[in-house]
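Below is one structure, written out as structure tokens; comments come after it.
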Amino acid sequence: MSELHWKTAISEVGPNKVMVRGYPVDQLIGKISFSQAIYLVLKGEMPSEEVGKLMDAIFVSSVDHGASPPSVLTARTVASTGAEMNSAVAAGVQAISRYHGGAIEEGMKLFIDINNRVKDTEKPLDDVVLSVLEEMKAKKKRASGFGHRFHTQDPRTKRLFELAGELGLAGVHVAAARAVEKGLKQVTGKHLPINVDGAIAALLCDLEIPPEIGNAFFIISRMAGLVAHVHEEKTRMRPMRKIHPTDFEYDGPSERKL
């Protein structure tokens with residue numbers, strides 16, 4: 001066997017057969033959702049119907065958030081130069097980092113740390129949270145996944161947590177997120193609501209997703225929105241325009257209900 005030989009446990013392709021984590025893809029088509037397929041390829045096992053529904057909700061919650069986020073402005077700017085779709089979308093993805101869309105991984109690590117301390121010390125959750133937040137304050141570290149430049153109560157967080165409760169999937173990490181929200185009020189004197197990144201972080205922890213791939217859930221979701229913005233830029237706007245980050249208005253359909 002060659003010294004360059006290596007192994008993968010993700011997929012196998014042969015003549016007339018494509019398998020992902022041991023499942024023939026043609027047998028999955030029409031039987032599982034895209035979100036279930038994502039869970040399968042990432043975790044290696046087929047999720048329950050309940051987990052699939054929550055995964056769907058997580059992806060829907062972050063599909064787009066207006067024209068002003070850095071990733072959208074970056075993607076539109078590159079698109080305005082005449083760059084191909086893949087280049088413009090890739091540029092938008094490159095703008096997703098610590099301060100924009102990158103809060104999920106850090107939030108997950110925070111919630112995991114809190115619950116590990118609860119187990120190790122056997123202290124009440126609220127006491128552990130206050131201790132952790134005081135430590136963070138002393139180090140001038142912010143709690144990722146809390147506060148929002150627009151929302152005083154992120155509507156996406158409320159619905160995600162409601163759904164997780166309905167599906168029986170809200171666990172100790174959702175409890176930790178709620179405790180941090182309450183603790184931040186005591187430690188900082190400010191109301192810093194759980195934003196959608198914080199909510200997703202808590203839910204992914206309860207789904208036992210590794211924090212190292214937490215931000216991928218934002219990227220996967222936001223890719224669809226970036227494609228829409230790039231296409232609109234290419235088909236509706238003039239090339240090489242000056243793109244103002246805030247001086248724009250929405251002229252799409254008025255609010256609709258399902």
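What the table shows:
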quantity: First in the stretch 16-45 and not assigned by TED's automatic domain parsing to the domain that holds Cys205, second anywhere and basic (Lys, Arg) and in a strand (DSSP E or B), Cβ under 7 Å, 6 or more apart; calculated: Pro24/Lys17
quantity: Number of the exception - Lys123 against (1) outside any helix (DSSP H, G or I); (2) in contact with a helix residue (DSSP H, G or I) (Cβ under 6 Å, 6 or more places away or on another chain); (3) of a type in the set (Lys, Arg); calculated: (2)
quantity: Residue list for the stretch 9-26, filter: small (Gly, Ala, Ser), assigned to a strand (DSSP E or B) and exposed (fewer than 12 other Cβ atoms within 10 Å of the Cβ); calculated: Gly14
quantity: Counted residues, the stretch 94-122 - those being loosely packed, with under 13 Cβ neighbours inside 10 Å and of a type in the set (D, E, K, R); calculated: 4
quantity: Some residue of the stretch 140-154 being without any contact (Cβ under 8 Å) to a residue 12 or more places away in the chain, more than 19 Å from the chain's Cα centre (by Cα) and not in a helix (DSSP H, G or I); calculated: yes
quantity: Complete set of residues in the stretch 56-114 that are among the basic types (Lys, Arg) and under 29 Å from Leu40 (Cα atoms); calculated: Arg98, Lys109
quantity: Count - residues of the stretch 97-139 that are within 23 Å of Val196 (Cα to Cα) and among the charged types (D, E, K, R); calculated: 7
quantity: Any chance Val63 is part of a helix (DSSP H, G or I) and among the β-branched types (Val, Ile, Thr); calculated: no
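The values are calculated or read from the model by the stated rules, or taken from the named source; none is laboratory data. Fair warning: this is a prediction, and the values are worked out from it, not measured in the lab. Please note: Cβ atoms are built from the backbone with ideal geometry, for glycine as well, and neighbour counts cover all protein chains shown.
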